[in-house]
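To start, the structure under review is shown below, and the notes come after it.
The values are calculated or read from the model by the stated rules, or taken from the named source; none is laboratory data. Since the model is a prediction, treat every value here as computed from it, not as a measurement. Note: accessible area is taken over every heavy atom of the protein model, side chains too, but ligands, DNA and RNA are not part of it. Shrake-Rupley method; radii C 1.70, N 1.55, O 1.52, S 1.80 Å.
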Amino acid sequence: QVTLVESGGGVVQPGGSLRLSCVASGSILTINSMAWYRQTPGWQRELVAYITNGGTANYATSVEGRFTISMDKTKHTTDLQMNNLMPEDTAVYYCNADVPAPLAGVKNYWGQGTQVTVSS
């Protein structure tokens, strides 16, 4: 079993920055990839950023150039640096990870979410 815990959310003014962190714990030998999603009430959860253990990163068009995702393969953590935040970025942000298991193959896990509010 693997548990993901996010932190770093909060309230920030437009143009400000936040750094979200996620740590994975439990039965982990390695992590194939980690990602950040976000969800606003009434909207489908959307992918924000994704990174493989090889360092390849992908971003949603709406955040590319403003957000940067990173992963520490040893510490089993991922960070999302969010710069030039806009009110449209307001959402609950969720950490996601693909973790291989010897018998069950790759399993997908979710964190509990952390609230990000961008408002003046």
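A few notes on this one:
- In the full protein context, the chain carries 53 Å² of accessible surface per residue, based on a 1.4 Å probe and ignoring ligands, DNA and RNA.
- Extension reserve of the S27-T3 stretch, reckoned as 0.36 nm per residue once the Cα distance is removed: 7.7 nm
- Annotation: Cα Rg of the range 1-63 relative to the compact-globule expectation 2.2 N^0.38 Å equals 1.29.
- Surface composition of the chain: carbon plus sulfur atoms contribute 51% of the solvent-accessible area (1.4 Å probe, protein chains only, all chains present).
- With 0.36 nm allotted per residue and the present C-alpha distance subtracted, the Q115-E46 stretch has 23.4 nm of extension available.
- Nonlocal amide H pairs with F67, under 5 Å, H built at 1.01 Å: N83
- Over the chain: Kirkwood hydrodynamic radius from C-alpha pairwise inverse distances, Å: 14.4 Å
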